[in-house]
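The values are calculated or read from the model by the stated rules, or taken from the named source; none is laboratory data. This is a predicted model, so every value here is computed, not measured. Here the Cβ is made from the backbone with ideal geometry for all residues, glycine too, and neighbour counts use every protein chain on show. Accessible surface is based on the protein model in full, side chains and every heavy atom, while ligands, DNA and RNA are left aside. Shrake-Rupley method; radii C 1.70, N 1.55, O 1.52, S 1.80 Å.
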Amino acid sequence: MRIGIGNDHTAVQMKLDIKEYLESKGYEVNNYGTDSTDRFDYPIAGERVAQAVVRGEVDRGIAICGTGVGIGLAANKVHGIRCVTCSEPYSAKLSKQHNNTNMLSFGSRVVGLELAKMIVDEWLNAEFEGGRHQRRIDMIASIEDGTYKENK
Ligand code: RB5
């Protein structure tokens, strides 16, 4: 599995540590973030990873900023991206099983490295369950496309 990873200036070390961790497990990891602690606006990295996911350059994306929120919001503005921002493994796992998230974001100022690894592991090891969940994801996509109509 190929993973795209991106970060702002607050998350350089976390990004490097997660990248190394994933590579040690055999994942191919593309770096779309900054390697410098100079100020780097999080939407740049979020958008880069998201575009790599929708282009099919990578299978999944991971985005890290101070809270995970800004970079996740930016990623979710890219058509076709479903990015979950979370700081615990349960939501990460369920977001794949039920929402088929294709990106994960978290905060370098929120979670420590070991918790971040656990979140990443749960998310990467989970599988989308399909079925009724697909219908709901299709509804989200139609909101994105502007074709959504509420079924009453
Ligand atoms: C940068 O100071 C900070 O705003 C950013 O890393 C992130 O937390 C935004 O959501």
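Observations, loosely collected:
- Amide H contacts under 5 Å for residue 63: 6, 104, 105, 106, restricted to partners 5 or more places along the chain or on a different chain, H placed in the peptide plane at 1.01 Å from N.
- Under the membrane-span-like helix rule (DSSP H runs whose alpha carbons stretch at least 15 Å along the helix axis, mean Kyte-Doolittle hydropathy -0.5 or higher), the chain yields 12-24, 42-55, 113-125.
- As a rough guide to protection, the peptides 123-130, 20-27, 105-112 ranked by mean Cβ packing within 10 Å, highest first, stand as 105-112, 123-130, 20-27.
- If R0 is taken as 30 Å, the Cβ-Cβ distance between residue 151 and residue 129 corresponds to a FRET efficiency of 0.85.
- With DNA, RNA and ligands ignored, accessible area of residue 88 (1.4 Å probe; Å², nearest 10): 70
- Lysine pairs with alpha-carbon atoms under 13 Å apart, the chain, spacing 8 or more or separate chains: 4
- As a rough guide to protection, the peptides 5-13, 139-147 ranked by mean Cβ packing within 10 Å, highest first, stand as 5-13, 139-147.
- For the pair residue 69 and residue 41, a Förster radius of 22 Å applied to the C-beta separation gives a FRET efficiency near 0.95, rounded to the nearest 0.05.
- Here the peptides 35-41, 57-63 are ranked by packing, the mean other Cβ count within 10 Å, and the order with the highest first is 57-63, 35-41.
- With a 1.4 Å probe rolled over the protein heavy atoms of all chains, the accessible area of 104, 16 falls in the order 16, 104, largest first.
- Helices in the chain, meaning DSSP H runs of at least 4 residues, each add -39500 (n - 2.57). Divided by all residues, the mean residue ellipticity at 222 nm is -14500 deg cm²/dmol.
- Each principal axis of the Cα cloud of the chain was taken in turn, and the coordinate range along them, longest first, works out to 50, 28, 27 Å.
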